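Chemist: Attaching a single structure in structure tokens format; questions to follow.
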Amino acid sequence: MRANVTATGQGKLIVFGEHAVVYGRPAVACSLPTGARATLQRAATPRWVIEHPGGLIDANADADILKAGNLLLEPFGLCADELDIRIEMSIPLGAGLGSSAAMAVAVARGAARLLDLNEADTEQRVSRAVIASESVFHGKASGIDQQAAMGSGFFTFRKTDSGPVVDPLKVDAHRWVVARVAPSKSTAAMVQSVADRRERLPEVTESLFDDFAHTSEMGARALTAGAWDVVGELMNVNQGLLEAIGVSTPELEAACTAANQSGALGAKITGAGGGGCILALAQDDDDRLVDALGEYGDVFEFTLAGRNSTT
Ligand code: PMV
């Protein structure tokens with residue numbers, strides 16, 4: 001067993017199809033070039049610290065994180081109270097950017113490295129471990145965050161009974177802007193609120209999920225074609241669908257409107273909604289968007305490209 005290891009996991013943006021993806025509809029997401037870095041070592045005095053853009057968390061004092069952590073370490077025969085774990089986050093926590101999956105993948109990969117597992121063994125065990133720990137934060141999770149946390153670039157994702165179907169997308173580099181508009185709601189609570197609405201309004205909700213699916217499918221084609229105007233228009237359609245299933249808020253809608261009035265090609269919630277972040281598709285060299293969104297909260301800029309991108 002190694003003495004000290006580090007490993008990483010990526011954050012993510014959902015470009016199309018959140019929530020509907022839980023019900024088997026396709027979604028489009030992109031792994032961020034940044035996320036979580038975990039350092040693990042065996043220690044007589046266990047400690048679990050998360051350093052993030054908003055401060056420092058003592059994970060040993062947080063029942064949910066500890067529960068998720070032990071579910072994560074169990075498949076490796078490890079336990080939180082025998083390890084010193086330090087996680088450095090370069091994305092905000094609980095903002096819809098896939099922080100929990102990024103952390104989970106970083107820690108699980110670290111655990112595999114600590115045990116010197118071979119690559120084939122590692123990916124399978126990491127995947128199993130992350131699914132277990134994500135259930136603490138997501139309730140009924142689709143697995144899209146985990147996929148993004150382990151991968152890179154843009155991809156379409158569909159949950160099926162025989163496992164996820166993932167297709168990498170070739171997308172040229174483009175500027176995307178994220179604004180953290182409001183404090184986040186729990187992903188599990190938002191997923192449950194959609195499940196409750198589906199229970200009350202089954203036909204309407206299922207038909208909205210089908211509209212999400214068409215938006216994701218057309219969005220994937222527009223992304224690979226570099227048809228940025230179409231991508232932006234479809235993001236606005238996606239936002240309308242998120243409003244229709246009840247996961248938007250007046251603050252998120254105001255920020256999307258401000259983005260569109262300040263040169264964005266389109267804007268929508270990214271992630272579970274109820275608060276958290278919006279994602280806007282920027283036009284190149286247009287600073288009005290960043291200035292406008294700065295009025296709503298912290299702004300993050302990313303230049304994202306898909307695997308095999310030409311630029
Ligand atoms: O809020 P986030 O970033 O964890 O995104 C959740 C995405 C959902 O589609 C709402 C849930 C899921 O597991 O796919």
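The values are calculated or read from the model by the stated rules, or taken from the named source; none is laboratory data. Quick caveat, the model's predicted, so the values are computed rather than measured. Positions of Cβ are generated from backbone atoms using ideal geometry, with glycine treated the same way; all protein chains shown enter the neighbour counts.
Chemist: Can you tell me which condition A272 does not meet? The list is (1) of a type in the set (G, A, S); (2) at pLDDT 95 or above; (3) on the phi < 0 side of the Ramachandran plot, and all the others hold.
Modeler: The single condition A272 does not satisfy is (2).
Chemist: Looking at (1) within 16 Å of the ligand (Cβ to nearest atom); (2) of a type outside the set (G, A, S); (3) at pLDDT 90 or above; (4) touching a Pro at 6+ places or on another chain (Cβ under 8 Å), which is the only condition V105 fails?
Modeler: (4)
Chemist: Ok, one more. How many of the residues making up the range 1-14 are more than 11 Å from A149 (Cβ to Cβ) and more than 12 Å from the ligand (Cβ to nearest atom)? If you could, list the steps in order and put the result at the bottom.
Modeler: Taking the range 1-14 as the starting set, the residues that turn out to be more than 11 Å from A149 (Cβ to Cβ) are 1-7, 13-14.
Then keep just the ones that are more than 12 Å from the ligand (Cβ to nearest atom); that gives 1-7.
So the count comes out to 7.
Chemist: Give me a count of the residues in the range 157-197 that are touching a residue at least 12 places away in the same chain (Cβ under 8 Å) and within 16 Å of the ligand (Cβ to nearest atom).
Modeler: At the first step, the residues of the range 157-197 found to be touching a residue at least 12 places away in the same chain (Cβ under 8 Å) are 157-160, 164, 166-195, 197.
With within 16 Å of the ligand (Cβ to nearest atom) added as a condition, the list becomes 157-160, 164, 166, 176, 178-195, 197.
Total meeting the criteria: 26.
Chemist: May I ask you to list pairs of residues, at least six apart or on different chains, whose Cβ atoms are under 7 Å apart, with the first in the range 279-296 being assigned by TED's automatic domain parsing to the domain that holds M235 and the second being surrounded by fewer than 15 Cβ atoms within 10 Å (Cβ to Cβ) and in a strand (DSSP E or B)?
Modeler: Correct list of pairs: V290/E301.
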